[in-house]
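The values are calculated or read from the model by the stated rules, or taken from the named source; none is laboratory data. The shown structure was predicted, so the numbers you read here are calculated from the model rather than taken from an experiment. Here the Cβ is made from the backbone with ideal geometry for all residues, glycine too, and neighbour counts use every protein chain on show.
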Amino acid sequence: MGDNASLTTIEVFSWQLKSRSTVIQATESFFMLFINSLSFFGNLLLGIAVIKNPNLRRTVPNMYIITLAVSDFLMSLLGIPFSVASLIVGKWPFNNFVCQLQGFWILLMCAVSLQTLAVTAVNRYFRVVRSRTQYQKYFNIKTTKVTITILWILALFAPLPYVVSGHKFFFHTGKVFCAHNAESLYQGYGAYLVLVYVLIPLIIIITCYTKVFFTVRKHNLNFRLSQKRRQLNHRSDSLLSVDEVKVTYILLVVVIGFLTCWTPVMVIDMIDFINADWKLKRQVYVSYTCFGFASTSLNPIIYGIMNRSIRAEYLRILAPLRVWVSYGTASDVKADTATDEPANSTRRTLAGNKVGVSFERSEERLPPQDNGSHNQKPSLYRADSSTQPASSRGVHGISSIKFGPTYSL
């Protein structure tokens, strides 16, 4: 279909966006705002944890984790909020510069995330499938920093060709973010994005993790045999430690979560590329955006659940908040206790009268009696002024005490 048909489709989406019911508007806005908040605060918490604990920055896998956290945090800062505002008001409420910024930013951050996951898959392949010597040769702190720098530079070539060729991003009323126009699909830009920044990273991820999965599975099945061989022979160069297996599983879960969110996005993009138009329903494109943005909030949750060191840092960072909440709760309880004290005192007086104890002045309590045992509770005993010593009469302002039978408190 031509550009006119595409514009008509966008106009239909625009009308549908403005004419949503209150329930649909509130639901879509809430979910997008929830995703944005979870991504922002989750990745911020992960970043603070890494900054406060230098040990988390000294391993190669964690450097990839940091890269993902940075890209996801930047997406939650300069990408998702504009879509949240658009869903709330039912249109694009910002100027053209903000639209160009969001379109450029979303493409850049998505390219960074996909390429980082691909490099992470290669890292796990060399560590698990290949020998330790090969892994240490290609993956150390210095080479990893260089790789991450190159990765960000390559990611810039996702949006740059579109901008350099003179195209402008426009607000896609179905996807509710600024995207490339239909004309670029005809000129091969869509094919370039799909091939270089989607298919190639996806092939690398699937290939590497398939081999990693079978290697780890074989390692677990032969774990006891490997232990016996280590006792008899020298340690194997390719033998995996428990920590390495755990790291591999964590990164595998990250990839699975990422692919779960991005598979619908990639399928819809392929359909749009084949049709050279946006023929699907608006609800499909809104779901498309929610899935893509939701991927930015997964990593802090996964690392917090599966990585003990990061989870410990989370707890240390949130400890002041827990103390503040506990202090507020304790203050409320103390205030309630102080309010209920007169009523409790009255109830205690009435209960005492039921067993034959009368107090002329009951504002103060008797001191505990020492019966020679720390474990035995003090008891009431028969007493009057004639049998008690003078020092025990009128204790704490009690002028006279009349006791009935002896009772244990």
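Residue-by-condition table, conditions (1) in contact with a Phe, Trp or Tyr (Cβ under 7 Å, 6 or more places away or on another chain); (2) surrounded by 21 or more Cβ atoms within 10 Å (Cβ to Cβ); (3) more than 15 Å from Tyr314 (Cα to Cα):
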site: Ser37; (1), (2), (3): no, no, yes
site: Asn53; (1), (2), (3): no, no, no
site: Thr59; (1), (2), (3): no, no, yes
site: Ala69; (1), (2), (3): no, yes, no
site: Leu74; (1), (2), (3): no, no, yes
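When Val163, Val196 are checked against the criterion of being surrounded by fewer than 20 Cβ atoms within 10 Å (Cβ to Cβ), without any contact (Cβ under 8 Å) to a residue 40 or more places away in the chain and part of a helix (DSSP H, G or I), Val196 stands alone in meeting it.
Taken together, Trp105, Trp92 contain a single residue that is without any contact (Cβ under 8 Å) to a residue 60 or more places away in the chain and either within 23 Å of Tyr162 (Cα to Cα) or outside any helix (DSSP H, G or I) (or both), which is Trp105. Summed over the range 101-122, the residues that are within 20 Å of Phe73 (Cβ to Cβ) and surrounded by fewer than 19 Cβ atoms within 10 Å (Cβ to Cβ) give a count of 1. For Ile65, the test of being surrounded by 15 or more Cβ atoms within 10 Å (Cβ to Cβ), of a type in the set (A, V, I, L, M, F, W, C) and at pLDDT below 95 is passed. Pairing residues of the range 233-259 that are among the basic types (Lys, Arg) and surrounded by 17 or more Cβ atoms within 10 Å (Cβ to Cβ) with residues that are at pLDDT 80 or above and part of a helix (DSSP H, G or I), at Cβ distances under 7 Å and at least 6 apart in sequence or on separate chains, gives no pairs at all. Taking each residue of the range 129-141 that is over 23 Å from Pro54 (Cα atoms) and looking for partners that are β-branched (Val, Ile, Thr) with beta-carbon atoms closer than 8 Å, six or more apart or interchain, yields Val129/Val212; Val129/Thr215. On the stretch given as the range 177-203, residues that are of a type in the set (Val, Ile, Thr) and out of contact with any Asp or Glu (no Cβ under 8 Å at 6 or more places or on another chain) total 3. Scanning the range 36-52 for residues that are touching a Ser or Thr at 6+ places or on another chain (Cβ under 7 Å) and touching a residue at least 60 places away in the same chain (Cβ under 8 Å) yields Asn36, Leu38, Ser39, Gly42, Asn43. With respect to the conditions (1) modelled with pLDDT of 85 or more; (2) within 30 Å of Ile10 (Cβ to Cβ); (3) assigned to a helix (DSSP H, G or I); (4) not acidic (Asp, Glu), Leu185 lacks only one, and its number is (1).
Okay, residues lined up against (1) within 26 Å of Thr8 (Cα to Cα); (2) more than 16 Å from the chain's Cα centre (by Cα):
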| position | (1), (2) |
| --- | --- |
| Lys281 | yes, yes |
| Thr289 | yes, yes |
| Gly292 | yes, no |
| Ile305 | no, no |
| Tyr314 | no, no |
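Of the helices (runs of 4 or more DSSP H) lying entirely inside the range 227-344, the ones with 2 or more residues being modelled with pLDDT under 85 are found at 242-275. Selection of the range 18-32 for residues being over 11 Å from Cys290 (Cβ atoms) and surrounded by 16 or more Cβ atoms within 10 Å (Cβ to Cβ) yields Arg20, Gln25, Ser29. The residues in the range 144-160 that are assigned to a helix (DSSP H, G or I) and closer than 11 Å to Tyr197 by Cβ can be counted, and the count is 2. Of everything in the range 266-312 that is touching a residue at least 24 places away in the same chain (Cβ under 8 Å) and hydroxyl-bearing (Ser, Thr, Tyr), the residue that is surrounded by the fewest Cβ atoms within 10 Å (Cβ to Cβ) is Ser309. Is the range 123-139 home to any residue that is among the hydroxyl-bearing types (Ser, Thr, Tyr), surrounded by 23 or more Cβ atoms within 10 Å (Cβ to Cβ) and either touching a helix residue (DSSP H, G or I) at 6+ places or on another chain (Cβ under 8 Å) or not in a helix (DSSP H, G or I) (or both)? No; the residues of the range 123-139 include none that is among the hydroxyl-bearing types (Ser, Thr, Tyr), surrounded by 23 or more Cβ atoms within 10 Å (Cβ to Cβ) and either touching a helix residue (DSSP H, G or I) at 6+ places or on another chain (Cβ under 8 Å) or not in a helix (DSSP H, G or I) (or both).
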